[in-house]
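Below: the structure, in structure tokens.
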Amino acid sequence: MTKGDEVAAAVARFGSPRAAGQGRGWYRGDCHVHSVHSDGKLTPRQLAAGARTVGLDFLATTEHNTGEAHGVWDQRVREDLLVILGEEVTTRTGHWLALGVEPGQVVDWDYGVRDGKIDERLEQVHRVGGLCVAAHPHAPYTSGTFMYPYQGFDVVEVWNGPWSSDVPWQADNEAALAEWGRRLAADIHQGRWRPAMGNSDTHLEGQIGIPHTVVLADELSGGAILAGIRAGRSWIAASAAVELAFTVSVGSRSAGIGERLQAGAEPAVVRVEVRGVPGGVVTLHTEQGAAYRAPVPETAGPGTVEWRTSAGESAFVRVEVRDPQGRMAALSNPIILSP
């Protein structure tokens, strides 16, 4: 069988990357998981069961440097779970996620930052409509630290696995978020900002969905989910128990996460509603850094925070929600304000 025949067989086995009957809405998904087909301990069937248990609508299969698992996910695709094909491209000087690749497609990984090959590899993914994600850019192990420029990448994975600054393995999340946050104002000003996303990097039982990305998509399909992530219409949740609603309004006009609001010189009202983080703290960030903080009620119900700004004061606003122990519970992409 030729390589073309193998790809065609994988396409036939995988079927349509769409969950039937699901229209526009917010969908929860984990785009960085590993099974026994690379270095994970779970089968695809166990990953699918775990995804459903924790309330996910989609996941991406991202084995290290292989498309071997693509053909085995056909039986896991149901109306209640979308599977996006991908790969974790594990190079010598950083890892990245190729999301939305074709069945059987494998992106080369045998290079480092000095070899000058990264742009060509990114183009291979973009050519098929896929998404390129800089993975865990400050991971503290050999080859894990991301040494490539973000130019050419679509998204940055700022939150990988449980958030705990006390554990050296997890402290890289704070560094990744700080780096992304520092670059955001300049990137928006230049007209090309890269959204943030969060994934579990699951290898073991009990890890999936911690954290995951919540995406506003036109439907529950691979193309629509990737389009929502690419546009920044998404936020990151520590678990499905956490809910976040975030808008900015000027008069009768409003914008949501990842959108742009023509605010002019009028006052803008920022409104955040949080559920599932009792006793937490909401922080609103602009190009000035942390611009406003407010507590979340200690009750189980929703907490609402409002703040007023303007396009002259804030080129964008984004949200962080931390629990009483200081761990991240939710993190949004920005809403952009234009004068």
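Each reported figure results from applying straightforward, stated rules to the coordinates on display, with no laboratory input. From a predicted model like this one, the values you see are computed outputs, not experimental measurements. Neighbour counts run over all protein chains shown; Cβ positions are idealised from the backbone, glycine included.
So what is the calculated 222 nm ellipticity per residue for the chain, using -39500 (n - 2.57) for each DSSP H run with n of 4 or more, over all residues, to the nearest 500 deg cm²/dmol?
On the way: 5 runs with 60 residues, N = 339.
One gets -5500 deg cm²/dmol as the mean residue ellipticity at 222 nm.
Can you list the HN-Hα couplings for region 106-111, worked out from phi with the Karplus curve (6.51, -1.76, 1.60; θ = phi - 60°), rounded to whole Hz and with x for Gly and Pro?
10, 8, 4, 10, 8, 6
Please report Rg (one decimal) and Dmax (integer) in Å for the Cα set of region 243-338.
12.9, 39
For the pair R183 and E273, what calculated FRET efficiency results from E = 1/(1 + (r/R0)^6), where r is the Cβ-Cβ distance and R0 = 25 Å, to the nearest 0.05?
After rounding, the FRET efficiency stands at 0.35.
Given the Cα-Cα distance of Y141 and A290 and 0.36 nm per residue of separation, how much length would full extension add, in nm?
50.6 nm
Considering every pair of different Cα atoms, what Kirkwood radius, in Å, is found for the chain? Write down the numbers at each step before the final one.
On the way: mean 1/r = 0.0493 Å⁻¹.
Evaluated on the chain, it is 20.3 Å.
Treating the beta-carbon of each Lys and Arg as +1 and of each Asp and Glu as -1, no other charges, what is the dipole magnitude of the chain about its Cα centre, to the nearest 20 debye?
600
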